[in-house]
Amino acid sequence: MDLEHVSDDFTRVLYTEADIERRLQELGAQIDQDYDGKELLLIGVLNGAVMVMADLSRAMNSHCHMDWMAISSYGSGTKSSGVVRILKDLNTDISERHVLVVEDIIDTGLTLSYLLSNLASRGPASLEIMTMFRKPEALENRVDVRYVGFDIPNEFVVGYGLDFGGRYRNLKGVATLAPHVYS
Ligand code: 5GP
């Protein structure tokens, strides 16, 4: 879905499809370089990371494997529930593997902290994080993220995998919602 198609629903467009594509090419090249000679396992966090996983993996020029986890964090509103549960676990044994967790967005870092300690206990050779978007609170909480697409303001955003009530995931860019959509 193009941003222009539903532009009345937004107060501001943060990143277009082209902005995201350009940044992912840079990150893909960086990851290729950092993991030279190692075969990476990308772990996508469902559902939001579907778009990032698809585009980041194709921006890379080295072999990689992919697996998925689903964790509950937000409900259908805009506030973190604070409840973290594994809804779908990995199909892969990650012991001795080089793992890169692929996230859509890090807000408080609550979801990520839980996920990291859970994955670390499985004995990977290395464990790093890539997120497309990061909010300021994640910086305050010192969540150690190796690759960041964009640092964004503390606003609720939709698009590029990020939803509001299940909608907008298929939006090509990322934008802030207009109040009339959520009030
Ligand atoms: P955290 O645990 O870091 O506070 O929250 C991470 C999760 O909250 C993300 O994976 C995402 O599902 C959701 N989330 C955080 N901020 C936003 C946002 O601005 N928009 C949307 N749609 N989801 C968000």
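Quick rundown of the values:
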item	result
In the stretch 122-169, residue nearest to the ligand (Cβ to nearest atom) [restricted to those that are touching a Lys or Arg at 6+ places or on another chain (Cβ under 6 Å) and charged (D, E, K, R)]	Asp163
Arg146 on the phi > 0 side of the Ramachandran plot and surrounded by fewer than 19 Cβ atoms within 10 Å (Cβ to Cβ)	no
Any pair with Cβ under 7 angstrom, 6 or more apart, that starts in the stretch 143-154 at a residue that is at pLDDT below 95 and ends at one that is among the small types (Gly, Ala, Ser) and surrounded by 19 or more Cβ atoms within 10 Å (Cβ to Cβ)	Val143/Gly109
Total residues in the stretch 1-16, condition in contact with a helix residue (DSSP H, G or I) (Cβ under 8 Å, 6 or more places away or on another chain) and either over 20 Å from Pro153 (Cα atoms) or among the acidic types (Asp, Glu) (or both)	1
Val181 being surrounded by 19 or more Cβ atoms within 10 Å (Cβ to Cβ) and either β-branched (Val, Ile, Thr) or away from the ligand (no atom under 11 Å from the Cβ) (or both)	no
Residue in the stretch 61-75 that is modelled with the highest pLDDT, counting only those that are among the hydroxyl-bearing types (Ser, Thr, Tyr) and part of a strand (DSSP E or B)	Ser72
Per-region count, the stretch 23-48, residues closer than 14 Å to Val174 by Cα and at pLDDT 95 or above	1
Residue satisfying all of: in the stretch 76-92; open to solvent by 50 Å² or more (accessible area, probe 1.4 Å) and closer than 30 Å to Asp32 by Cα; modelled with the lowest pLDDT among these	Ile86
Filter result for Tyr160 (closer than 21 Å to Val101 by Cα, aromatic (Phe, Trp, Tyr) and either crowded, with 19+ Cβ neighbours inside 10 Å or free of Cβ contacts under 8 Å to residues at least 24 places away in the same chain (or both))	yes
Residue check, Arg23 of a type outside the set (Val, Ile, Thr) and not in a strand (DSSP E or B)	yes
Extreme residue, farthest from the ligand (Cβ to nearest atom), among residues of the stretch 93-121 that are among the small types (Gly, Ala, Ser) and open to solvent by 30 Å² or more (accessible area, probe 1.4 Å)	Ser95
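The values are calculated or read from the model by the stated rules, or taken from the named source; none is laboratory data. Since the model is a prediction, treat every value here as computed from it, not as a measurement. Quick reminder, even Gly has a Cβ in these numbers, built from the backbone with ideal geometry, and neighbours come from all protein chains shown. Areas reflect the complete protein model, heavy atoms only, side chains present, ligands, DNA and RNA absent. Shrake-Rupley method; radii C 1.70, N 1.55, O 1.52, S 1.80 Å.
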